[in-house]
Amino acid sequence: MEQLPTIAVLNDDQLYRHLLGQLLAEEGYRVIESTTGADAYPIIRAAQPALVILDVRVGRPDDGWLTLELLRLNPATAQKPVVVCSANTPLFRDTAARLRELGCTLIEKPFLLDELLDVVRAALRGIEKEL
C-alpha cells in the first residue's frame with residue numbers, strides 16, 4: 001500500500017487518540033500523536049504533517065487554542081489544514097465562526113468513521129490543489 005501523507009492527531013484522551021491513529025494508519029496514513037498542547041506545536045513544526053486533527057480541549061482548556069494560534073502565526077504552518085473535532089457542543093456553537101476564520105474544518109463527536117475519513121480526504125485534496 002502506498003504511504004499517504006502524515007497526519008497529526010492531538011487529543012488528551014489516550015484511547016481515542018490511539019483508536020483514531022490506528023484507523024488512519026490502516027488507511028495508509030503516517031500518524032503522529034500528541035497528548036498535550038505544550039508538546040503539540042513543536043511536534044507539528046518539526047514533523048510538518050499534511051493535516052492536523054485537533055481537539056481544542058487538549059490538556060489544559062486553552063492548550064488546543066494556543067496550538068491553533070501558533071500554527072496560524074507561523075508562515076511554515078499557517079496554511080496547514082486543521083480538522084477540529086470535539087464533543088463539546090457549546091464550544092462548536094460559540095466558536096464555529098472563529099474556527100472557520102482560522103481555516104478549520106469542524107466535525108463534532110461522535111461521528112461516523114467514514115464521515116471523518118471523508119473530511120480528511122477533502123482537506124488533503126485541498127492542499128493537493130494548491131501545490
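The values are calculated or read from the model by the stated rules, or taken from the named source; none is laboratory data. Since we're looking at a predicted model, the values are computed, not measured. We place every Cβ from the backbone using ideal geometry, glycine too, and count neighbours over all the protein chains shown.
Have a look at 46, 96, 25, 40 and point out the one that is crowded, with 19+ Cβ neighbours inside 10 Å, assigned to a helix (DSSP H, G or I) and free of Cβ contacts under 8 Å to residues at least 40 places away in the same chain. Going through 46, 96, 25, 40 in turn, just one is crowded, with 19+ Cβ neighbours inside 10 Å, assigned to a helix (DSSP H, G or I) and free of Cβ contacts under 8 Å to residues at least 40 places away in the same chain: 40. Residue 22 meets the conditions (1) modelled with pLDDT of 95 or more; (2) more than 15 Å from residue 102 (Cβ to Cβ); (3) under 14 Å from the mean Cα position of the chain (by Cα) in every case but one. The failed one is (3).
Only one of the listed residues (91, 106, 116) is modelled with pLDDT of 90 or more, within 20 Å of residue 67 (Cβ to Cβ) and assigned to a helix (DSSP H, G or I). That residue is 116. Annotation: residue 78 fulfils all but one of (1) in contact with a Ser or Thr (Cβ under 6 Å, 6 or more places away or on another chain); (2) outside any helix (DSSP H, G or I); the unmet one is (1). The condition of being free of Cβ contacts under 8 Å to residues at least 40 places away in the same chain and in contact with a Gly (Cβ under 9 Å, 6 or more places away or on another chain) holds for only one of 71, 10, 66, that being 66.
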